[in-house]
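Each reported figure results from applying straightforward, stated rules to the coordinates on display, with no laboratory input. Treat the numbers as computed from the prediction; the structure is a model and nothing was measured. Neighbour counts run over all protein chains shown; Cβ positions are idealised from the backbone, glycine included.
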Amino acid sequence: MRVLLFCDDFHHPGEVPIQGIEPLRKKGIHFDIIQNAKDFDPKSLGDYGVIIMSTCDNVSQEDTSSWKTEAIQEAFVQYVEKGGGLMVTHNGTVAGENTDKLDRLIGCRFAFHPNQTPVLVQAIKPHSVTEGVKPFCQEDEHYHLEILAPDADIISAAYAPAQGQAEKYETEPYFNAPACIAPAVYVRTHGKGRVCVITPGHNIAVWHNAEFQRLLENGIKWCGGVI
């Protein structure tokens, strides 16, 4: 299977997902990588069975200008409608100022995360993407989402314990947050294509976790229609 990894933005260096997918090359998955959105040609989308979006609306880590033009967003919509697979990891859920069309294809927008904390990820219903994935816990950013797609099927949840002081939950939420459960993985369809969103993934230790690796492999195969 041929997969395009789209990565690198101001807060999320591309080296993390690039190193994170390396073990999957041994599973027969061929990856091409784009770290600068200026190198992206929307016409190339059809060359890939699955696109992994691990970047927000920054051209690159050095160039924080927007790259998700109306035409590019429409190209992604058409790609999925015609049967392409879109996997969105972690920072791929972060919306830009004018990315509503792509946000709605993905099915959510990043809302907030508190300070990094141990995050427990566990499947909550059977699905091909979570098949064989055991619960795992890693230090990570616990993403809270605004769900946009009514058909977003949440199949795995992420739990983070309380941190900081309760009296500061409202005034200083980054360092003080109550215990919370948020979506970790959801799937949806759009036209003939499939979308899988995986919210963990800020740190390389998460990507190298054996269970997260299994989740990635399953997600790629499901998005690509292999399973």
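Miscellaneous remarks
- Least to most buried among Tyr143, Tyr174 (fewest other Cβ within 10 Å first): Tyr174, Tyr143
- Working from Cα pairs under 8 Å separated by at least six residues, relative contact order for the range 1-124 is 26 percent.
- Under a model in which nothing but the beta-carbon of Lys, Arg (+1) and Asp, Glu (-1) is charged, the chain shows a dipole of about 1020 debye around its Cα centre.
- Order of Arg194, Arg25 - criterion: other Cβ atoms within 10 Å of each residue's Cβ, fewest first: Arg25, Arg194
- Dividing the summed helix terms, -39500 (n - 2.57) for each DSSP H run of n ≥ 4, by the number of residues in the chain produces a 222 nm estimate of -5500 deg cm²/dmol to the nearest 500.
- Non-local Lys pairs in the chain, i.e. 8 or more apart or on different chains, that have alpha carbons under 13 Å apart: 5
- C-alpha center-to-center spacing [the range 44-76, the range 114-180] in angstrom: 26
- Taking a ≥ b ≥ c as the square roots of the eigenvalues of the Cα gyration tensor, the range 1-153 is rounded, since a/c falls below 1.5.
- Between 0 and 90°, nearest 10: helix 210-223 axis offset from the chain longest Cα axis: 40
- Using a simple spin-label model with pseudo-atoms 7 Å out from Cα toward Cβ, Val226 and Thr189 lie 2.1 nm apart.
- In a fully extended conformation the segment linking Tyr174 and Glu15 would gain 54.7 nm over its present Cα-Cα distance, using 0.36 nm per residue.
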